[in-house]
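Novice: Just passing along the structure, written as structure tokens.
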Amino acid sequence: MLASPLDILALAAHRDDVEQTCGGTLLKMAQRGHRTGILDLTQGEMGTRGSAEDRAREAAEAANILCTSWRQALDIPDGRVENTWENRLKVVRVLREQRPRVVILPYWKGRHPDHYTASVLGYEACFLAGLGKLDVDVALSVAAGDSPATVASLRAGRPQDVGATDLLPHRPFKIIYATLYYDVRPTFVVDITEQFESRVEALMAYRTQFSDQEAGKGIFPARDEIRSRIESMARFYGTLGGVTYAEPFIQKEVGLVDDLTLIPVKSI
């Protein structure tokens, strides 16, 4: 039996991306009783520091700190996140298995190609996941170059022969974009004042990435500087929302207000 559906799923290219951009929000939602999850598209094997095995252990620790209900990493090559049919299908399969109501994607612009590609890939997968005539197992089998006999057995409805499952279509209700590392005015911010310290702790769980060492020292800030940078950014977005610490997000659609007297954040 599948687990209960996720309320919120955050998708990102690499282990530790979610912790940097929306970890506080995920923790806050978990503390409010929502089932949260993280889908990392890659194993992080191309990172300057540490190995994929290191990142897996650190990701598990971080997920525990953020109280997530589910976390998984796909096998898309690190540094080669491409918006291919096969990669979209891999994400579709997760969406149909976990059935999130809200999906958090990276912002669609950024320095790292994996990040902005993950944004477009994730959006298109959300759309495809709702197509009733898309048999994701058959499509994945064809995309992977399986033998005609294997594909035929899937189409014949004999999943016991190949370990497939019958996954019903599902399309998330809401898609929002985490914008922390891109200079754009957010649609809204989430108050993470009470979650800030745990957010920092979750990021610091990636010891191979954020400890002082020779490898990558020209790219990574010194460990003593990391907290001050995180705090400065969280304070900036908190100021926009009238709180101490916040994380920023964008939604593409217009917001809907029922009661003008309940709109938060003072104007003057």
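Novice: Listed residues V243, V257; which is over 25 Å from the mean Cα position of the chain (by Cα), part of a loop (DSSP other than H, G, I, E, B) and among the aliphatic types (A, V, I, L, M)?
Specialist: V257
Novice: Next question, about the same structure. If I ask for residues that are out of contact with any His (no Cβ under 9 Å at 6 or more places or on another chain), touching a residue at least 24 places away in the same chain (Cβ under 8 Å) and either surrounded by 21 or more Cβ atoms within 10 Å (Cβ to Cβ) or on the phi < 0 side of the Ramachandran plot (or both), which ones from segment 53-68 would you list?
Specialist: Scanning segment 53-68 gives D54, A56, E58, A59, E61, A62, A63, I65, L66, T68.
Novice: Could you identify the single residue in K252, K217 that is at pLDDT 95 or above, in a loop (DSSP other than H, G, I, E, B) and open to solvent by 80 Å² or more (accessible area, probe 1.4 Å)?
Specialist: So the residue among K252, K217 that is at pLDDT 95 or above, in a loop (DSSP other than H, G, I, E, B) and open to solvent by 80 Å² or more (accessible area, probe 1.4 Å) is K252.
Novice: Further, regarding this structure: Could you list, in sequence order, all residues of segment 23-57 that are among the small types (G, A, S) and closer than 24 Å to I230 by Cα?
Specialist: G23, G24, A30, G37, G44, G47, G50, A56
Novice: List the residue pairs whose Cβ atoms are under 7 Å apart, where the first residue sits in segment 135-148 and is free of Cβ contacts under 8 Å to residues at least 24 places away in the same chain, the second is surrounded by fewer than 18 Cβ atoms within 10 Å (Cβ to Cβ), and the two are 6 or more positions apart or on different chains.
Specialist: Cβ pairs passing all conditions: V138/R155; S141/T150.
Novice: Inside segment 94-119, can you point out the residues that are open to solvent by less than 50 Å² (accessible area, probe 1.4 Å) and either touching a His at 6+ places or on another chain (Cβ under 6 Å) or assigned to a helix (DSSP H, G or I) (or both)?
Specialist: The answer is V94, L95, R96, E97, Q98, P106, D114, T117, A118, S119.
Novice: Has segment 45-53 got any residue that is in contact with a Gly (Cβ under 9 Å, 6 or more places away or on another chain), closer than 27 Å to L140 by Cα and not in a loop (DSSP other than H, G, I, E, B)?
Specialist: yes
The values are calculated or read from the model by the stated rules, or taken from the named source; none is laboratory data. Just so it is clear, the structure is predicted and the values come from calculations on it, not from any experiment. Every residue, glycine as well, gets a Cβ built from its backbone with ideal geometry; the counts of neighbours run over all protein chains shown. Remember, those area values only see protein heavy atoms, side chains included, never the ligands or the DNA or RNA. Shrake-Rupley method; radii C 1.70, N 1.55, O 1.52, S 1.80 Å.
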